[in-house]
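Peer 1: The structure follows.
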Amino acid sequence: MTKQNVVAADANSGINMAITMAVSGTAAQKPPPVPGSYITISKKKLLQNLEINSGGGARINSWVDSMRASSPTHIKSSLPLSDDQNSWNVDHPSALEFFEQITNASKGKQIVMFLDYDGTLSPIVDDPDRAFMSGAMRATVRKLARYFPTAIVSGRCRDKVYSFVRLAELYYAGSHGMDIKGPSKGSKYKKGAGAVLCQPASEYLPMIDEVYKELLEVTKDTPGAKVENNKFCLSVHFRCVDEKEWIELAKQVGSVLESYPNLRLTEGRKVLEIRPTIKWDKGKALEFLLESLGYANCTDVFPVYIGDDRTDEDAFKVLRERGQGFGILVSKTPKDTNASYSLQEPSEVMAFLRRLVDWKKLSLRRQFRMRRQLEEIKMLLPN
């Protein structure tokens with residue numbers, strides 16, 4: 001690392017700002033400047049270099065702040081927590097307590113269920129490889145899929161989330177919706193005989209694999225850091241990393257991404273997500289699945305999306321913009337969200353899903369009785 005005098009030219013003001021800046025020895029080699037002379041670079045380029053090279057730069061600090069927030073962002077308020085919680089609950093009431101309001105809104109419409117996995121169907125755990133769902137939750141989701149088209153929408157690799165859920169009758173959207181496959185069996189809603197429906201980022205696979213290897217290398221000496229290859233995106237888990245190491249970890253990730261402008265970084269719950277810059281997310285996946293089910297422009301569809309993470313906000317936003325169905329955020333604390341309702345934890349998610357199944361079964365029984373009564377009346381009427 002060498003010191004060089006640098007002039008940053010501001011095109012608007014015409015003022016040259018002479019500063020001393022650290023220039024990495026790994027940069028492209030150029031003839032050395034004459035002692036005491038200046039290299040002229042644009043102000044924009046200067047700011048980019050400062051972000052990259054300065055310890056704890058603005059970009060790194062921004063990432064670390066997001067890491068601490070463990071998305072979605074907690075609402076900042078000067079009110080006492082109890083008042084804050086009460087105010088938030090008014091705008092995002094419990095989906096269990098307002099269950100009848102939700103089912104009344106869905107009458108005459110086809111409910112379609114979209115479920116995140118981590119933190120929604122399974123608890124958040126230190127080791128992402130051990131985020132197993134309970135047998136009771138699996139049985140509940142299996143029953144749910146008998147009555148409603150059901151999709152798992154996760155940031156995980158599709159094959160990985162399937163290995164956790166192990167229900168062939170569901171739709172699976174892995175890698176934040178960039179890898180979608182329909183049910184392989186046991187679903188009356190399936191289309192395409194289980195074929196892969198959508199992989200919009202397939203051209204990025206070689207790049208993703210390359211970045212995965214680089215991230216493994218740069219993070220190998222950071223205790224607790226875990227890099228997960230989700231096929232079309234990557235996750236750097238820092239749940240088990242000492243908070244004192246977060247800035248260094250963010251720098252390590254940033255040093256790799258500098259060479260890959262076609263990848264972007266987002267934050268989830270104690271995880272940094274690296275994915276292609278294409279305009280595709282869980283909201284796009286929701287829309288694609290609705291279209292695949294034949295509900296693209298229908299007014300008689302009622303999508304319900306349940307999730308706990310910042311990445312689920314894209315789906316919540318789509319539902320609000322469509323004016324159809326509801327988003328349900330899984331969270332114990334007030335957070336900024338586009339969801340309409342809330343549940344506190346996976347156990348409440350299971351209770352809500354069970355109640356939805358019971359409601360549907362009761363509705364079907366009522367419809368059957370009504371049809372039978374109408375048939376009996378017809379039989380009694382003279383020809």
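The values are calculated or read from the model by the stated rules, or taken from the named source; none is laboratory data. From a predicted model like this one, the values you see are computed outputs, not experimental measurements. Here Cβ is always computed from backbone atoms with ideal geometry, including for glycine, and neighbour counts include all displayed protein chains. The accessibility values were calculated without ligands, DNA or RNA, using every heavy atom of the protein model including side chains. Shrake-Rupley method; radii C 1.70, N 1.55, O 1.52, S 1.80 Å.
Peer 1: Which pairs in the list 317/360; 160/244; 107/335; 213/282; 107/284; 231/279 are over 19 Å apart, alpha-carbon to alpha-carbon?
Peer 2: Beyond 19 Å: 317/360; 160/244; 107/335; 213/282; 107/284.
Peer 1: Now a separate question. Give me the 1.4 Å probe accessible area per residue for the stretch 268-307, excluding ligands and nucleic acids, in Å².
Peer 2: Result: 35 Å² per residue.
Peer 1: In what order, largest first, do 251, 335, 270, 185 sit by accessible area if the probe radius is 1.4 Å?
Peer 2: Greatest to least solvent exposure: 185, 251, 270, 335.
Peer 1: Quick one: order 284, 360 from most to least accessible surface, probe 1.4 Å.
Peer 2: Largest to smallest exposure gives the sequence 284, 360.
Peer 1: In addition: Over the stretch 335-380, what percent of the accessible surface lies on carbon and sulfur atoms, probe 1.4 Å?
Peer 2: Details: 1640 of 3150 Å².
The C+S portion of the solvent-accessible surface of the stretch 335-380 is 52 percent.
Peer 1: Now, a different point. Using a 1.4 angstrom probe on heavy atoms only, work out the carbon and sulfur share of the accessible area of the stretch 78-149 in %. Intermediate values should be presented prior to the final figure.
Peer 2: Working: 1730 of 3510 Å².
So the carbon and sulfur contribution to the accessible surface is 49 percent.
Peer 1: Further question on the same structure: Determine the per residue accessible area of the stretch 132-242 with all protein chains present and a 1.4 angstrom probe, expressed in square angstrom.
Peer 2: Working: 4570 Å² over 111 residues.
I get 41 Å² per residue for this part.
Peer 1: For the stretch 195-310, what is the convex hull volume of the alpha-carbon atoms per residue, in Å³?
Peer 2: Here the figure is 119 Å³ per residue.
Peer 1: Here's another thing I want to ask about it. To make sure I understand the rule: partners must be aspartates and glutamates, Cα under 14 Å from the Cα of residue 270, and not fewer than 8 residues away in the same chain. Which ones qualify?
Peer 2: Here the aspartates and glutamates satisfying the reach criterion relative to residue 270 are 65, 118, 126, 127, 228, 242, 243, 245, 308, 309.
Peer 1: Right, here's the next one. Leaving out same-chain residues fewer than 8 places away, which aspartates and glutamates sit with a Cα under 14 Å from that of residue 143?
Peer 2: Correct list for residue 143: 169, 358.
Peer 1: Could you tell me which of 165, 235, 294 has its Cα farthest along the dipole of the stretch 156-295 towards the positive end, charges placed at Cβ (Lys, Arg +1; Asp, Glu -1), taken about the Cα centre?
Peer 2: Of the options given, the answer is 294.
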